[in-house]
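Here the structure is laid out as structure tokens; the discussion comes afterwards.
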Amino acid sequence: MSELTSLTIAEARSRLKRKEFSALELTEAHLSAMERARHLNAYITETADLARERAKESDKRLAAGEGRPMEGIPLGIKDLFCTEGVQTTAASRILEGFSPPYESTVSQKLRDAGTVMLGKLNLDEFAMGSANITSAFGPVKNPWTPQGRKAELVPGGSSGGSAAATAAHLCMGATGTDTGGSIRQPASFCGLVGVKPTYGRCSRWGVVAFASSLDQAGPITRNVRDAAIMLKAMCGYDAKDSTSANLAVPDFEAVLGQGVKGLRIGIPKEYRPDGLNAEVNALWNQGIDWLEKAGATIVDISLPHTQYALPTYYIVAPAEASSNLARYDGVRFGLRVPGKSLDDMYAKTRATGFGAEVKRRIMIGTYVLSAGYYDAYYVKAQKVRALIMRDFNEAFEKVDAILTPTAPSAAFGINDKIDTITMYLNDVFTVPASLAGIPGASVPAGYTTEGLPLGLQVLTKRWDEETLFRVCQSLEDAAGFKGLGPL
Amino acid sequence: MSYIIKGQTGDWEVVIGLEVHAQVTTKAKLFSGAPTDFGAGPNTQVSFIDAGMPGMLPVLNAFAVEQAVKTGLGLKAKINRRSVFARKNYFYADLPQGYQISQYDQPIVGEGTIILDMPEGSRNIGIERLHLEQDAGKLVHDMHATKSFVDLNRAGVALMEIVSKPDLRSPEEAGAYLRKLRAILRYLGTCDGNMEEGSMRCDANVSVRPVGSTELRTRCEIKNVNSVRFVMMAIDHEAKRHVEVYESGGAIQQETRLYDSARNETRSMRSKEMAHDYRYFPDPDLLPVELDEAFVADLEKNLPELPDDKKARFQKAYGLTAYDADVLVSEKENALYFEDVAKGRDPKQAANWVISNLFGVLNKQGVGILESPVSAKNLGRLIDLIADSTISGRQAKEAFEAMVESGKDTDTIIAEKGLKQITDTGPIEAAIDQIMAANADKVEQYRSGKEQLMGWFVGQVMKATQGKANPALCGDLLKKKLAQ
């Protein structure tokens, strides 16, 4: 059975079509893998019965020759996407027992494409974190372990369950969401491809909101082609999301194989600060070399406001979050802790329901929006955000894509004591693209000396995911990265 | 300026600004497709968006935007081609999202004007702004001993907040402003103006100052007063309270106050110190509203005739007095009814019948013109019958009363009551001859110069003909016969 879990989405797609095995067999293989790997804590909710039901439906369609684009492909869904009749927690106690009567647009599109949902994947509480250690359902373990020492590593975050499950072959791919790096950084930590498309490409409808102007869904897969297949099924205009773009969805898969010949690749000097991890630096140089050899032109560029991106992000994102999370008040759904008065009930419910990191961000966000601080923080941050966008706009007049490291390090230990600022610095390379709304992807490109995966990040201009996929595939081809097999 | 508060230290004037929340006439809520029917069962008009469910996103109701722009144009206001929705953050059980989506520093409509016709002359009252926002839900406290119930039917309903400048100087002006604003909204069809059902609500900002001073003193905001009369009473009470406080050496604190109509007093609701910090910021779920010029121009071109223009036209085209014209245009339906009646008839007579007779009946019955027991067609017919001398004015009044009673049409009533006027000279002459024969002494007195007896003779003829004789004809014939 493990042979089935080792397949890529593209392979499984054609072999299902040829009826070499059934969708139900494929799903069963993954369900038993999930069972064996529960120690990773990747799933919050397993939906085995539902998965079997949907797999059978897929088999019927396949038998009738009416298979849809991803018919019978078993996926994991980050537990930030509302799923009809299936508990949706955002990894928070405050949503305990919440079972939405509606399906998010993205998960609905994946259902409509024929995919089979295996379960809901663990994440940082409300997607706030870079290590998947803030989940109310406990931390997720990275299936990768370092050579030469015993340690349990984080999978990155916030889409840590998505990355761990995909890396450990507990699903063929997973949805993630990326607000400041939550798809790309865990992809890098787990040796996977993670794509954050252009803001507005995927509908946010039905996705529990963290920071509305930044949140964007995307796929986490084991290779570039699978990401292209999955993104196509996930994205598209949705009238229910006012920030969704009314643009045709390109066939991302069709550009694969076009190579990078003639493309201009920008290397931003600001992403090479003093003290950059030597292994990361070396891998970046390696990536530059690969692209040059593949026929791309390397161009040194500057993104001068890069150093302000992280502080800007930690004003904008908490500000929006402090407002977005106000609806968790114990009145209509989820946790309610009774109190002596309405205010007392609010205080007790939210004190009990939210974890420390969520509370920290709500407080930061409330502070920066407060009278007397709004101009100094929120307004200033919006201005800086505009400058960061301008940096990218100007850069993309000179280059077609930008290559950087994805994260400043490889995965670290679950039990490492890491202070908040250091934790926030995990997103230093991913946050600028989030603020600019441009697409970005992480491709596994190499290993540390301990054998842990490292990713490289590719960025392109808005709506140019096609170039993004071309560059990613070129790196993938050159790197020859070998992921984990089935556990 | 007639409203002066005589204090012990001198004369005071009141400074009033009004904030009106007008429910936009639209089938759906401002950011969801949920319906907005008044009086529906609790929580039956609620979408997942209105209930603030996780992951739900607002989508702007384009028709509500159109209605707001139309209203702005009707208020002769600046239409802002770019406006922004902002979140106003606060916690309350009737506010599911934990914030109200409103507009803050970039409203959809800027400065405008409302013209008031006051007895002292016309007054231009400035409009500061108009913005779109969501209504909150409703808490019901009296259904359970220890629990409150939440009804979200109103949550998310589209409101226009229309803010005046502090230009009003008396409770009467405030009342006139509200009535005029209501009329404009109803003419435009952008709000039904129904204060009882809460589709138009008013907050009043009130302060006072010594007459002659131009300073703006500390104001108090009186919340949610639900009739024009109560707004006027609340302002009067609040202004006098301010004067008393100042004259006894005290100071007015900026605060929000509630009006208690049963006691005719205001009391403190929350002070400035307790005021919320709403942490307004642009709603990242919504794009800025960009209006193109053609869209606005098109709405402007298709605006209906508004009260001021209609009033001017009524005065000019129908020769009505300013007062009559004002009365007739105050409600769009009244004006329409009047024009139906006046068409092809003497407009002054039409106005007279509508204002003096019909409105009296409607007021007494407490119904609007749309429920009028007498249709415009029937009233017109009645006036026609007077004009061609078929019936007398007195008969017309009798017929009108019967029409009000029965709801039957004019001709039926005239026939049933046998109200046709006698215009044949024969029967009238016969009656005159009989009366003259029986009252030879009175004839003699008349002929010897006591001409005031003419009225008595007319009365006798009317009596003899059961009031059906045409009075003018009657007079002519009497004069002729008595002179012989």
inquiry  = What does the charge count around B:LYS377 come to, taking other residues whose C-beta lies under 10 Å from its C-beta (Lys +1, Arg +1, Asp -1, Glu -1)?
reply    = -1
key: the stretch A:405-476-the stretch A:187-247 distance, computed between alpha-carbon centres (Å)   = 16
query = Under unit Cβ charges (Lys, Arg +1; Asp, Glu -1), what dipole magnitude, rounded to 20 debye, does chain A have relative to its Cα centre?
reply = 420
task = Let me know the volume per residue of the alpha-carbon convex hull for the stretch B:43-138, in Å³.
result = 146
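Which value does Rg/Rh take for the stretch B:83-207 over its C-alpha atoms, Rh per Kirkwood?
1.03
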query = Quick one: putting +1 on the C-beta of Lys and Arg, -1 on the C-beta of Asp and Glu, what dipole do you get for the protein assembly as shown around its Cα centre, in Debye to the nearest 20?
reply = 300
task = Could you list which residues have their amide H under 5 Å from that of A:THR45, counting only those 5 or more apart in sequence or on another chain, with H placed in the peptide plane?
result = A:LYS120
query = With a sphere of radius 9 Å drawn around the Cβ of B:LYS165, what net charge do the other residues whose Cβ falls strictly inside it have (Lys, Arg +1; Asp, Glu -1)?
reply = -3
query = Could you give the radius of gyration (one decimal) and Dmax (whole number) of the Cα atoms in the protein assembly as shown, in Å?
reply = 39.0, 145
Hydrodynamic radius by Kirkwood, which averages 1/r over all alpha carbon pairs of the stretch B:5-299, in angstrom = 20.2
Burial ordering of B:MET233, B:MET53, fewest other beta-carbon atoms within 10 Å first = B:MET233, B:MET53
With at most 12 neighbouring Cβ atoms within 10 Å, loop trypsin sites (Lys or Arg not before Pro) (DSSP) excluded, longest segment of chain B = B:28-146
task = Report the extension gain between B:GLN315 and B:LYS450 in nm, rounded to one decimal, defined as 0.36 nm multiplied by the number of residues separating them, less their alpha carbon distance.
result = 44.2 nm
task = Enter the angle in degrees (range 0 to 90, nearest 10) between the Cα long axis of helix B:471-483 and the first principal axis of the Cα atoms of chain B, meaning the one along which they spread out most.
result = 30
Spin-label model distance (nm) - A:THR8 vs A:GLU152, 7 Å beyond Cα toward Cβ = 3.3
remark   = Cross-link reach from B:LYS468 to lysines, straight Cα distance under 19 Å and at least 8 residues apart if same chain, gives B:LYS397, B:LYS417, B:LYS420, B:LYS479
ask   = Expressed in nm to one decimal, what extension gain is obtained for the pair B:THR44 and B:ARG267 from 0.36 nm per residue of sequence separation less their Cα-Cα distance?
value = 76.8 nm
message = What is the distance in Å between the Cα centroid of the stretch B:372-447 and that of the stretch B:243-268?
response = 60
inquiry  = Suppose every Lys and Arg Cβ carries +1 and every Asp and Glu Cβ carries -1, with no other charges. What dipole size does chain B come out with about its Cα centre, to the nearest 20 debye?
reply    = 760
ask   = Computed FRET efficiency, Cβ-Cβ of B:VAL245 and B:VAL140, R0 30 Å: what is it to the nearest 0.05?
value = 0.25
message = Could you derive backbone 3J(HN,Hα) for the stretch B:70-82 from the dihedral phi with the Karplus parameters 6.51, -1.76 and 1.60 (θ = phi - 60°), listing whole Hz in sequence and x where the residue is Gly or Pro?
response = 4, 4, x, 5, x, 8, 6, 9, 6, 8, 7, 5, 10
task = Counting residues in the stretch B:250-355 as N, plug N into 2.2 N^0.38 Å and put the Cα Rg over that result.
result = 1.87
remark   = What the 20 Å binned alpha carbon P(r) of chain A shows, as percent of pairs per bin from 0, is 26, 59, 14, 0
ask   = Efficiency by 1/(1 + (r/R0)^6): what FRET value for B:ILE115 and B:PHE359, r their Cβ-Cβ distance, R0 = 22 Å, to the nearest 0.05?
value = 0.40
note = Ordered by number, the trypsin sites (Lys or Arg not before Pro) in the stretch A:246-353 that occupy a DSSP loop and have at most 14 other Cβ atoms within 10 Å are A:LYS261, A:LYS340
Whole-angstrom Cα spans of the stretch B:425-483 along principal axes, big to small = 29, 20, 16
remark   = Inter-chain shielding metric for A:355-368, i.e. average beta-carbon neighbours from other chains within 10 angstrom, reads 1
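As a test, work out the antiparallel percent of DSSP beta bridges whose residues both lie in the protein assembly as shown, rounded to the nearest 5.
85
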ask   = On average, how many beta carbons from a partner chain sit within 10 Å of the beta carbon of a residue in B:126-137?
value = 0
ask   = Once Lys and Arg get +1 and Asp and Glu get -1 on their Cβ, which of B:VAL206, B:ILE383, A:LEU121 lies farthest toward the positive end of the dipole of the protein assembly as shown?
value = A:LEU121
message = In Å, what Kirkwood hydrodynamic radius results for the stretch A:13-101 from the alpha-carbon pair distances?
response = 14.3
request  = Pairs to check: A:LYS78/A:LYS348; A:LYS60/A:LYS120; B:LYS450/B:LYS481; B:LYS408/B:LYS463; A:LYS56/A:LYS240; B:LYS6/B:LYS223. Give those whose C-alpha atoms are more than 19 Å from each other in this structure.
outcome  = A:LYS78/A:LYS348; A:LYS60/A:LYS120; B:LYS408/B:LYS463; A:LYS56/A:LYS240; B:LYS6/B:LYS223
key: Number of partner chain Cβ atoms within 10 Å, mean per residue of B:281-292   = 4
task = Return the sequence-ordered ³J(HN,Hα) values of the stretch B:460-470 in whole Hz as given by the Karplus equation 6.51 cos²θ - 1.76 cosθ + 1.60 applied to θ = phi - 60°, using x for Gly and Pro.
result = 5, 5, 4, 4, 5, 9, 6, x, 8, 5, 5
query = Where does the charge balance sit around A:LYS398 when Lys and Arg score +1, Asp and Glu -1, over other residues with C-beta under 13 Å from its C-beta?
reply = -3
query = What are the trypsin sites (Lys or Arg not before Pro) within the stretch A:1-92 that DSSP puts in a loop, where the Cβ has at most 13 other Cβ atoms within 10 Å?
reply = A:ARG18, A:LYS19
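Out of the GluC sites (Glu not before Pro) in the stretch B:159-214, which ones are loop residues according to DSSP with at most 16 other C-beta atoms within 10 Å?
B:GLU196, B:GLU197
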Net lengthening on full extension, A:ARG15/A:THR352 (0.36 nm per residue, minus Cα-Cα) = 116.4 nm
key: B:LYS481-B:ASP433 pseudo-label distance in nm [points 7 Å out on the Cα-to-Cβ vector]   = 0.9
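FYI, it's all coordinate maths here, none of it is from the lab. Since the model is a prediction, treat every value here as computed from it, not as a measurement. Virtual Cβ from ideal backbone geometry, glycine too; neighbours counted across all protein chains shown.
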